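Colleague: One structure coming up, written as structure tokens, with questions to follow.
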Amino acid sequence: MAALLLAALVALGGCAGKSQPPRQKIARALQEMSWEVARQVGDPERAARLQQAIDGLDADLNELQGVSETLRSRLRALNANPDATRADFATLLDGFDADRRRLRDRVLQRHFEFLAATSANEWAALSGHERDALAAVTLR
Amino acid sequence: MPAHPASTRSLGVTRRSPTRPCSGRGQRGQTLILIFLGTLLVGSTAAGGVFGGASVPVLRERVRETMSDQAQRARVDLTLDRIAAEGKRHDEERRLFEKDAFAQLARHDATLAELQPLVARGDALHRRSRDTFLELRFELRDQLGAEQWKKVFEGAAAAASAP
């Protein structure tokens, strides 16, 4: 019943996703990826591995969203300070860069987990959902 | 995250058209760009502005409002022109990078070794863009007094966060 309700809400939502907050966009894109896995991958063991990777990507993208929001707010505040030094910027941006590299490596790891658990045809059906998830974080 | 039940297929929820008008594909791959390039927030006009939010046209307007000396304003305008030009150049490089990255990620036979040049290209673009925009930021800072700076960026930040 809950699944039916969720599906109906998604259907009613239609293109409203474009105005959704980033975290909802991420959840929606990865929910659709999960559904595609259920349709495309008959092997329960591979489906479970894919779901685990989807859950991991969900956590990574939400972390990235949080890190980006924090950076944007700190960068704006630092820039507005006329006394801010190059060293202040370097400290802030180096911190973000460390997070960026860590998350990049994790996202690439999830990507190769997807590839390892799918056939070429299955990936053809799933890759668009990964792409949607990667487009979900927005900064404006 | 539960698997999609077979019963929902009858609702047509996941039977999307080939163009997938409601998907995120029409958006920029900002996540991808953030994790590969990282500089979206520093100098990309695509993210709404430079230095965390202020767009160049808004900055220019704020400078006009706060600076009466025309010669000084002309120098600032030149720096803003360079920031805008670098922003465009960065956005174009980012667009090409994004296209290549999504093409690689769509390949089922791609290996990690094949993706490494893309990762290196992203890091190089990131470093170059970060250095360029910080250089321009401090060039602009040298052209404005402390109080002028505050007025320009506080006003620009307010304009950026207005609905």
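The values are calculated or read from the model by the stated rules, or taken from the named source; none is laboratory data. The structure presented is a predicted model; accordingly, all values stated were derived computationally and were not measured. Here the Cβ positions follow ideal geometry from the backbone for every residue, glycine too, while neighbour counts run over all protein chains shown.
Colleague: Within the range A:42-59, identify whether any single residue is modelled with pLDDT of 90 or more and part of a loop (DSSP other than H, G, I, E, B), and answer yes or no.
Modeller: There is at least one residue in the range A:42-59 that is modelled with pLDDT of 90 or more and part of a loop (DSSP other than H, G, I, E, B).
Colleague: Here is a list: A:Phe89, A:Phe96. Which entry is over 27 Å from A:Ala135 (Cβ atoms) and surrounded by 17 or more Cβ atoms within 10 Å (Cβ to Cβ)?
Modeller: One residue alone meets the criteria, A:Phe89.
Colleague: Additional query: What's the number of the condition A:Asp94 fails, among (1) in a loop (DSSP other than H, G, I, E, B); (2) more than 9 Å from every other protein chain (Cβ to nearest Cβ)?
Modeller: For A:Asp94, the failing item is (1).
Colleague: For the condition closer than 20 Å to A:His111 by Cβ and assigned to a helix (DSSP H, G or I), what is the one hit in B:Arg127, B:Arg89, B:Arg121, B:Arg95?
Modeller: None of the other options fit; the residue is B:Arg121.
Let's see how each residue does on (1) at pLDDT 65 or above; (2) in contact with a Phe, Trp or Tyr (Cβ under 8 Å, 6 or more places away or on another chain); (3) assigned to a helix (DSSP H, G or I):
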site	(1), (2), (3)
B:Leu32	yes, yes, yes
B:Val42	no, yes, yes
B:Pro57	yes, no, yes
B:Ala71	yes, no, yes
B:Val76	yes, no, yes
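Colleague: Just checking, does the range A:122-139 include any residue being at the interface with chain B (Cβ under 7 Å from one of its Cβ atoms), out of contact with any Pro (no Cβ under 9 Å at 6 or more places or on another chain) and among the hydroxyl-bearing types (Ser, Thr, Tyr)?
Modeller: yes
Colleague: Take B:Ala103 and decide whether it is within 14 Å of chain A (Cβ to nearest Cβ), part of a helix (DSSP H, G or I) and under 21 Å from the mean Cα position of the chain (by Cα).
Modeller: Criteria met by B:Ala103.
Colleague: Quick check on B:Glu98: is it within 11 Å of another protein chain (Cβ to nearest Cβ), surrounded by 12 or more Cβ atoms within 10 Å (Cβ to Cβ), touching a residue at least 24 places away in the same chain (Cβ under 8 Å) and of a type in the set (Asp, Glu)?
Modeller: When the stated conditions are applied, B:Glu98 passes them.
Colleague: Could you list all residues from the range A:109-121 that are within 23 Å of B:Ala120 (Cα to Cα), surrounded by fewer than 20 Cβ atoms within 10 Å (Cβ to Cβ) and more than 7 Å from chain B (Cβ to nearest Cβ)?
Modeller: Matches in the range A:109-121: A:Gln109, A:Glu113.
Colleague: While we're looking at this one, here's another question. Would you check if A:Ala84 is in contact (Cβ under 8 Å) with a residue 40 or more places away in the chain, more than 7 Å from chain B (Cβ to nearest Cβ) and either of a type in the set (Ser, Thr, Tyr) or farther than 23 Å from A:Pro22 by Cβ (or both)?
Modeller: Spelling it out, it is not the case that A:Ala84 is in contact (Cβ under 8 Å) with a residue 40 or more places away in the chain, more than 7 Å from chain B (Cβ to nearest Cβ) and either of a type in the set (Ser, Thr, Tyr) or farther than 23 Å from A:Pro22 by Cβ (or both).
Colleague: May I ask you to list the residues in the range B:118-145 that are exposed (fewer than 15 other Cβ atoms within 10 Å of the Cβ) and either within 12 Å of chain A (Cβ to nearest Cβ) or modelled with pLDDT of 90 or more (or both)?
Modeller: Those that are exposed (fewer than 15 other Cβ atoms within 10 Å of the Cβ) and either within 12 Å of chain A (Cβ to nearest Cβ) or modelled with pLDDT of 90 or more (or both): B:Ala120, B:Arg127, B:Asp131, B:Glu135, B:Phe138, B:Asp142, B:Gly145.
Colleague: Condition first: more than 7 Å from every other protein chain (Cβ to nearest Cβ) and touching a residue at least 12 places away in the same chain (Cβ under 8 Å). Now tell me which residues in the range A:97-108 satisfy that.
Modeller: If the condition is that a residue be more than 7 Å from every other protein chain (Cβ to nearest Cβ) and touching a residue at least 12 places away in the same chain (Cβ under 8 Å), then A:Asp99, A:Arg106 are the ones that fit.
Colleague: Residues A:Ala124, A:Ala87: which one is modelled with pLDDT of 95 or more, under 30 Å from B:Trp149 (Cα atoms) and hydrophobic (A, V, I, L, M, F, W, C)?
Modeller: Step by step, each of A:Ala124, A:Ala87 is checked, and only A:Ala87 is modelled with pLDDT of 95 or more, under 30 Å from B:Trp149 (Cα atoms) and hydrophobic (A, V, I, L, M, F, W, C).
Colleague: What number of residues in the range A:97-133 are in a loop (DSSP other than H, G, I, E, B), under 21 Å from the mean Cα position of the chain (by Cα) and of a type in the set (Ser, Thr, Tyr)?
Modeller: 1
Colleague: Then there's this: Might you let me know whether the range A:69-83 holds any residue that is part of a helix (DSSP H, G or I) and more than 22 Å from B:Ser129 (Cα to Cα)?
Modeller: No, the range A:69-83 contains no residue that is part of a helix (DSSP H, G or I) and more than 22 Å from B:Ser129 (Cα to Cα).
Colleague: List the residue pairs whose Cβ atoms are under 6 Å apart, where the first residue sits in the range A:42-71 and is more than 9 Å from every other protein chain (Cβ to nearest Cβ) and more than 17 Å from A:Arg101 (Cα to Cα), the second is surrounded by fewer than 19 Cβ atoms within 10 Å (Cβ to Cβ) and acidic (Asp, Glu), and the two are 6 or more positions apart or on different chains.
Modeller: The qualifying pairs are A:Ala53/A:Glu113.
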